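A.B. asks: Below is one structure. I have some questions about it.
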Amino acid sequence: MSGVAWRKRWRVPERYRTRSTARPEGGGRTAGWDAPAPIRQWPLLVVLATTLAGLLLTLADFRVGLLVVGCGLLAGAALRAWLPAVGMLAVRSRFTDIVTYGLLGTVVVLLTLMAEPSPWLEVPFLNDILRFSVD
């Protein structure tokens, strides 16, 4: 069977084809076409650079490094909330992005503050839950 005949035979019907994909709200460029790519995507690069710096800091001090990673995610939530266009930092709807970045950043920061040994933050009911589940 030739390639042309095969393509005609297995063509997807028109009603099932995607005509266009909606861009996320705020997914536009933060700078014009004439600006270099890093300048157009600066919000994403800020979050990625902060996260990378935090991961490198974990080599020296575990808690400080993870606090920087959590703060990077919280900064992503703040940028997504306040800027009208954030480029590739916009993945889903604005609300979903803010909740996702904010929740993940908060969880990372809280778990880092509660890490053993000698936690910086103690939450009494979590100790009770842990003791109840282990016993």
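A.B. asks: Measuring from label point to label point, each 7 Å out along Cα→Cβ, what is the Val46 to Arg92 span in nm?
C.D. replies: 2.3 nm
A.B. asks: Taking a label point 7 Å from the Cα of Ala85 along the Cα→Cβ vector, which residues of segment 32-69 have an amide N closer than 18 Å to it?
C.D. replies: Taking a point 7 Å out along Cα→Cβ of Ala85, the residues of segment 32-69 whose backbone N falls under 18 Å are 32-46.
A.B. asks: Work out how far the C-alpha atoms of segment 19-134 reach from end to end along every principal axis, then list the three figures in whole Å, largest first.
C.D. replies: That gives 57, 33, 24 Å along the principal axes, largest extent first.
A.B. asks: What Kirkwood hydrodynamic radius do you get for segment 42-110 when you take the inverse of the mean 1/r over all pairs of distinct Cα atoms, in Å?
C.D. replies: Kirkwood radius, segment 42-110: 11.9 Å.
A.B. asks: Sticking with this structure for a sec: In what sequence, highest mean first, do 111-123, 39-51 appear when ranked by Cβ atoms within 10 angstrom? Kindly include the intermediate steps, with their values, before the conclusion.
C.D. replies: On the way: 111-123: 11.6, 39-51: 17.6.
Order by mean packing, descending: 39-51, 111-123.
None of the figures in this text is laboratory data; all of them are computed from the coordinates on show. Given the structure is predicted, the values throughout are model-derived calculations rather than measurements. Please note: Cβ atoms are built from the backbone with ideal geometry, for glycine as well, and neighbour counts cover all protein chains shown.
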